[in-house]
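Heads up, the thing below is written out as structure tokens.
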Amino acid sequence: QVQLVESGGGLVQAGDSLRLSCAASGRIFKMYVMGWYRQAPGKEREFVATMSWGDGNTVYADSAKGRFTMSRDNAKNTVYLQMNSLKPGDTAIYYCNAVSSEGAVGIPNTSWGQGTQVTVSS
């Protein structure tokens, strides 16, 4: 099993910054990708950003480009999301995601954190 522990959410004003953290633990033979998704009330969960663990390549949603930045700590299997210039439209529950395998032959598993609330007031 892989557990994802998120932190860093909170209530901020428009223009402020937050840094979300997500630490993965458990049996991880290989980490493929970690990322962030978000879900606002009444809306579907949407992609925010992902990072490939092998080469560190990042992919961002259009809404995140230029404002959000992912980084990682390989030794800790931890990923961060630096969120700058926050807007009220960024208000959502942010979920950490990880795709990993427990062994060389095992199938990859997708894990989700419990989510952390980000609220941006106008």
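Answer yes or no: is there a residue in segment 20-33 that is over 17 Å from the mean Cα position of the chain (by Cα), outside any loop (DSSP other than H, G, I, E, B) and either over 24 Å from Pro108 (Cα atoms) or of a type outside the set (Lys, Arg) (or both).
Within segment 20-33, the first condition is being over 17 Å from the mean Cα position of the chain (by Cα), and the residues that meet it are 26-30.
Adding the requirement that they be outside any loop (DSSP other than H, G, I, E, B) leaves 26, 30.
Applying the additional criterion that residues be either over 24 Å from Pro108 (Cα atoms) or of a type outside the set (Lys, Arg) (or both) yields 26.
Checked segment 20-33: at least one residue is over 17 Å from the mean Cα position of the chain (by Cα), outside any loop (DSSP other than H, G, I, E, B) and either over 24 Å from Pro108 (Cα atoms) or of a type outside the set (Lys, Arg) (or both).
Considering segment 13-32 alone, what residues qualify as being in contact with a Pro (Cβ under 9 Å, 6 or more places away or on another chain) and under 16 Å from Thr119 (Cα atoms)? If you could, list the steps in order and put the result at the bottom.
The first filter runs over segment 13-32 and keeps only residues in contact with a Pro (Cβ under 9 Å, 6 or more places away or on another chain), leaving 14, 30, 32.
Across segment 13-32, the qualifying residue is only Ala14.
In segment 57-108, how many are buried (at least 17 other Cβ atoms within 10 Å of the Cβ) and either farther than 21 Å from Glu6 by Cα or small (Gly, Ala, Ser) (or both)?
5
Could you tell me how many of the residues in segment 6-29 are modelled with pLDDT of 95 or more and open to solvent by 80 Å² or more (accessible area, probe 1.4 Å)?
Selection size over segment 6-29: 3.
For segment 77-101, how many residues meet the condition of being under 14 Å from Gly35 (Cα atoms) and of a type in the set (Ser, Thr, Tyr)?
Qualifying residue count, segment 77-101: 5.
Quick check on my filter: what residues within segment 36-54 are open to solvent by less than 40 Å² (accessible area, probe 1.4 Å), in a strand (DSSP E or B), closer than 16 Å to Val118 by Cα and not aromatic (Phe, Trp, Tyr)?
Arg38, Val48, Ala49 - these are the residues of segment 36-54 that are open to solvent by less than 40 Å² (accessible area, probe 1.4 Å), in a strand (DSSP E or B), closer than 16 Å to Val118 by Cα and not aromatic (Phe, Trp, Tyr).
The values are calculated or read from the model by the stated rules, or taken from the named source; none is laboratory data. This one's a predicted model, so the numbers in the text were calculated from it and none came from an experiment. As a convention, Cβ positions derive from the backbone with ideal geometry for all residues, glycine included, and neighbour counts pool all protein chains shown. Heavy atoms of the whole protein, side chains included, go into the accessibility calculation; ligands, DNA and RNA do not. Shrake-Rupley method; radii C 1.70, N 1.55, O 1.52, S 1.80 Å.
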